[in-house]
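Only the coordinates and a few stated rules stand behind these numbers; no lab work does. Quantities reported herein were computed from a predicted structural model and do not represent experimental measurements. In this analysis, Cβ positions are derived from the backbone assuming ideal geometry, glycine residues included, and neighbour counts consider all displayed protein chains.
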Amino acid sequence: MAFQKKYLPLLMGAAIAAGIYIGGKLSFTDAPDRLFTTNSKKDKLNRLIDYIEYDYVDDVNTDSIVDVTVNGILENLDPHSVYIPEEDMERVAEEMKGDFVGIGVSFYTYKDTIAVIRAIAGGPSEKAGIIGGDRIIFADGDTLYGKNIEDDALIKKLKGPINSKVNLTVYRRGEPELLHFTVKRDNIPINSVDATYMLTDKLGYIKVNRFAESTYKEFRKGIKALKTQGAIEIALDLRGNPGGFLGIAEQIADEFLEDDKLILFTKNKRGDIEESYATSKGDFEDGKVFVMIDENSASASEIVAGALQDNDIGTIVGRRSYGKGLVQREMDLGDGSAVRLTVSRYYTPTGRSIQRPYDNGNKDYYDEYFERISSGELLDSENIHVDDSLKFVTPGGKIVYGGGGIIPDVFVPIDSSMQNETLSFLLRRGFFGNFVFEELEKDRHLYDGISRRDFIDSFEVGDDLVFAFQDYLNLRSEANVTFVAYHDEVKQYIKATFADQLFGAGAFEEVYNKTDIMIEEVIGLSKGDTGSHVLDED
């Protein structure tokens with residue numbers, strides 16, 4: 001008896017440990033004879049990492065080895081299964097959620113200092129009194145300027161828990177002393193709807209840059225505003241939209257489809273099919289819709305375009321879309337990182353998959369995309385290659401194709417200025433923004449009396465401002481560029497950037513779109529002009 005009492009705790013502990021071990025091996029799909037077997041493939045990876053960590057001659061960061069291993073595995077699956085490291089999770093989550101907690105300013109790190117472009121309308125900084133041109137130099141006594149401070153570090157100092165307060169010290173040109181503000185942090189939207197305004201008396205415009213959690217709410221707000229202004233037709237701009245949440249795409253497509261119309265269906269590896277149908281929620285079922293797409297419209301953008309095209313609703317305008325017909329699900333890996341794993345394919349209502357083939361590996365997959373560009377497909381619809389075996393017919397008799405993107409009903413070639421590498425370089429590197437910021441800094445009060453509408457309709461960018469921009473670039477050896485052939489386009493970019501920094505909220509798009517050839521095509525279609533680019537259905 002004494003022996004039993006003495007070793008009872010030990011025996012119980014061993015039994016519990018054995019139970020935990022067996023429980024860890026259990027899977028509800030395992031057969032009994034597999035319960036005590038090991039997975040040699042998983043063991044091989046674990047052993048290799050252990051050998052490297054404990055026995056390899058040099059010190060190695062095994063976390064980086066794991067990351068490389070995970071990426072290598074995913075690269076052998078499909079082009080769209082991706083790994084999200086822990087350090088990227090917060091940023092990715094914010095982008096897809098559609099907001100973050102902060103102080104509500106748009107800023108540049110300008111000459112090693114946070115320079116406020118503008119305070120977000122209705123946000124905490126605007127309420128506190130911060131204005132465009134302010135330099136935030138301290139936050140709760142911490143220095144926010146200097147050559148060695150990176151943007152990520154600055155942003156972290158300005159972020160914090162909701163309703164928490166941060167004391168900011170600000171330099172404002174013309175003020176004899178530094179200014180002090182206490183700002184209460186709040187939810188700050190990351191807008192996925194860039195612009196909402198009227199193109200004509202009856203045609204409203206709305207641009208969606210991605211499909212985040214907040215997108216449908218933003219979209220509904222925009223549609224209601226346009227209807228209030230008299231819109232009976234909508235130009236939905238999905239150009240450059242890489243996608244996002246499938247469910248949000250379904251909700252937006254539902255706005256234009258009658259009840260019980262099929263939006264899409266998905267199929268997984270087991271052959272399980274899930275169908276999604278339009279509901280009674282649609283507010284624009286009786287209006288005309290034009291969906292603008294291009295070679296960078298992907299995934300959820302293609303779901304919307306495909307659902308409307310296959311139901312003979314509206315007109316798809318632009319160029320063939322990217323061709324992504326795979327659905328991913330985000331899965332937590334337990335250490336703060338995650339994987340977005342492809343779990344099914346989606347199909348448009350006629351049954352077509354618009355996923356481009358990737359049988360020959362990811363490199364060929366991405367090379368095929370660039371081959372489209374070099375083939376001249378972006379300039380002439382005759383260069384769009386289709387597979388007759390993937391031909392489908394809509395209920396209205398329209399011929400559509402699967403196998404590589406949504407082919408528009410009306411083709412619009414790419415604007416040559418969009419292909420100019422010089423302008424693309426200047427936009428990517430922020431030269432337009434920095435130049436305009438410096439021009440505004442000379443005297444912001446010059447623009448005090450100009451309304452948004454007057455600026456967009458009447459403000460003219462003179463040649464002197466273009467030459468000043470050229471001089472600005474010439475002082476920077478890394479930007480040794482000329483744009484003699486694109487003088488008017490540079491004027492337009494400068495004006496659009498002025499509008500963005502002065503007014504925000506879609507002002508850039510409203511200026512830039514004034515000479516957009518695809519929007520001109522949509523306006524012509526709205527007026528009854530069938531256009532010269534309608535694609536043959538044969």
For segment 396-474 and segment 254-297, distance of Cα centres in Å: 32 Å
For the chain, with +1 on Lys and Arg beta carbons and -1 on Asp and Glu, the positive-most of HIS385, GLY325, LEU45 along the dipole: LEU45
Residues whose placed amide H lies under 5 Å from that of ILE114, excluding near-sequence neighbours: ILE136
Rounded FRET efficiency, nearest 0.05, which uses the C-beta distance separating ASP332 from LYS111 and R0 of 56 Å: 0.85
In order through segment 199-209: 3J(HN,Hα) via Karplus (6.51 cos²θ - 1.76 cosθ + 1.60), integer Hz, x for Gly, Pro: 7, 9, 4, 10, 10, x, 10, 9, 10, 10, 8
Relative contact order of the chain, defined on C-alpha pairs under 8 angstrom at six or more residues apart (%): 11 percent
Estimated FRET transfer efficiency when R0 is 35 angstrom, pair ASN474-GLU177 (beta carbons, to 0.05): 0.40
Calculated P(r) of segment 190-291 - Cα pairs past 20 Å, %: 40 percent
Rg(Cα) / (2.2 N^0.38 Å) computed for segment 193-415, rounded to two decimals: 1.00
Computed label-point distance, nm, for sites ARG444 and PHE370 using a 7 Å Cα→Cβ extension: 4.3 nm
Net dipole in debye of the chain [+1 Lys, Arg Cβ; -1 Asp, Glu Cβ; about Cα centre; nearest 20]: 1940 debye
Cβ crowding within 10 Å averaged over residues, with 250-263, 44-57 ranked highest first: 250-263, 44-57
Rg/Rg_globular for segment 350-451, with Rg_globular taken as 2.2 N^0.38 Å and Rg from C-alpha atoms: 1.70
Selected from GLN309, SER353, SER280, residue furthest toward positive end of dipole (segment 262-356; charges at beta carbon): SER353
CD proxy at 222 nm, helix term only [per DSSP H run n ≥ 4: -39500 (n - 2.57); per residue of the chain; nearest 500]: -11500 deg cm²/dmol
Cut-off 20 Å (backbone N to label point 7 Å along Cα→Cβ of ARG453), residues of segment 199-230: 199-206, 222-230
Anchor LYS207: lysines whose Cα lies under 22 Å away (excluding residues fewer than 8 positions away in-chain): LYS97, LYS217, LYS221, LYS224, LYS227, LYS281, LYS288, LYS324, LYS495, LYS514, LYS527
Proximal aspartates and glutamates relative to LYS44, as straight alpha-carbon distance under 20 Å, when same-chain residues fewer than 8 apart are discounted: GLU53, ASP55, ASP63, ASP67, GLU75
Whole-Hz couplings from phi, Karplus 6.51/-1.76/1.60, listed for segment 326-339; x for Gly and Pro: 10, 10, 10, 10, 7, 10, 6, 9, x, 10, x, 9, 8, 10
Under 5 Å, built H, 5+ apart or other chain: amide partners of ASN209: VAL193, ASP194
Average Cα contact separation per residue, segment 74-210, under 8 Å, 6 or more apart, as relative contact order %: 23 percent
Those lysines that a straight Cα-Cα span of less than 29 Å connects to LYS42, excepting residues fewer than 8 apart in one chain: LYS25, LYS267, LYS269, LYS363
Contact order relative to length of segment 193-415, as percent, for alpha carbon pairs under 8 angstrom and 6 or more apart: 17 percent
All-pairs alpha carbon distance profile, the chain, 10 Å steps from 0, percent: 3, 14, 22, 23, 19, 11, 5, 2, 1, 0, 0
Ordering of 333-342, 504-513 by packing [mean C-beta count within 10 Å, highest first]: 504-513, 333-342
Debye intensity ratio in log₁₀ form over the Cα atoms of segment 40-80, taken at each q of 0.19, 0.29 Å⁻¹: -0.62, -1.01
Nonlocal amide H pairs with PHE290, under 5 Å, H built at 1.01 Å: ILE234, ALA235, LEU236, THR315
Label-point gap, in nm, between ILE52 and LEU390 - each point 7 angstrom along Cα→Cβ: 3.7 nm
Difference of contour (0.36 nm per residue) and Cα-Cα distance, ASN76 to ASN163: 26.8 nm
